[in-house]
Amino acid sequence: MMTGLHARSLGWMAVLTICLAMVVGLSFKVHAVKSEVLLAERQILALQRETLLLETEFQTRASQRQLAAWNAVEFGYEAPRADQFLDGTRQLASLGQRRGPDAPAPVMLARAETGGEAQAARVDAGPMRSPVSGAAVTLASAASEKDAGQVVTEAFGDFLIDASPIRAAQAQTLSAKGKGE
């Protein structure tokens, strides 16, 4: 037979078992809700990416319309037509621009010249010329590039000196010393 003490302990065991079952069931429910929230967040991110892609596509197509409008008004470019394609190299050569009277001969082969030949070729060749128009091409001299570099270096140095926090701190220190004396 059961005594009151045994009945109470069995009652408490039943209550603890029921509470444990409820905690386990509640934790399963919480994990299920968490997984649904994560799934919803992933779907939201996917929809945001798709929205961004569609907005980009819309802006691209809108800019294509704008470019087409500018092309019609400003530039006058046209899409290539079927009759613009070439049949062969002779037809391609016939489309080339004519060289000017002072233009140098086109370069056919590239080759490396050694020391004396290269120096002699540079001296004899004269000024560089445009292969299309034949006009003389002037190059920037190294001295002017050096001067420009020095100017930039000096300007950047002055900027760094003016922007330096150390200079302001030293000025405050000197002013504090001057007041104290």
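Read-outs throughout are calculated quantities, based only on the coordinates presented, and are distinct from any laboratory measurement. Being a predicted model, the structure only gives us computed values, none of them experimental. All Cβ positions, even for glycine, are placed from backbone atoms using ideal geometry, and neighbour counts span all protein chains on display.
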- prompt: Under a plain spin-label model, where a point goes 7 Å from the Cα along Cα-to-Cβ, how far apart in nm are Glu50 and Ala32?
  reply: 2.7 nm
Theoretical FRET efficiency, 1/(1+(r/R0)^6), r = Cβ-Cβ of Arg129 and Thr60, R0 45 Å, to 0.05: 0.55
- line: Taking placed amide H atoms and a strict 5 Å upper bound, the residues 5 or more places from Arg129 or on another chain that come that close are Val137
- prompt: Across the range 20-26, in residue order, what do the Karplus-derived ³J(HN,Hα) couplings come to in whole Hz, using 6.51 cos²θ - 1.76 cosθ + 1.60 with θ = phi - 60° and x for Gly and Pro?
  reply: 5, 5, 5, 5, 4, x, 5
field: Efficiency of FRET between Leu92 and Gln43 - r from beta-carbon atoms, R0 35 angstrom, step 0.05
entry: 0.05
field: For the range 42-101 and the range 1-32, distance of Cα centres in Å
entry: 75 Å
query: Residue separation times 0.36 nm, minus the C-alpha to C-alpha distance between Thr3 and Glu74: what's the value?
result: 15.1 nm
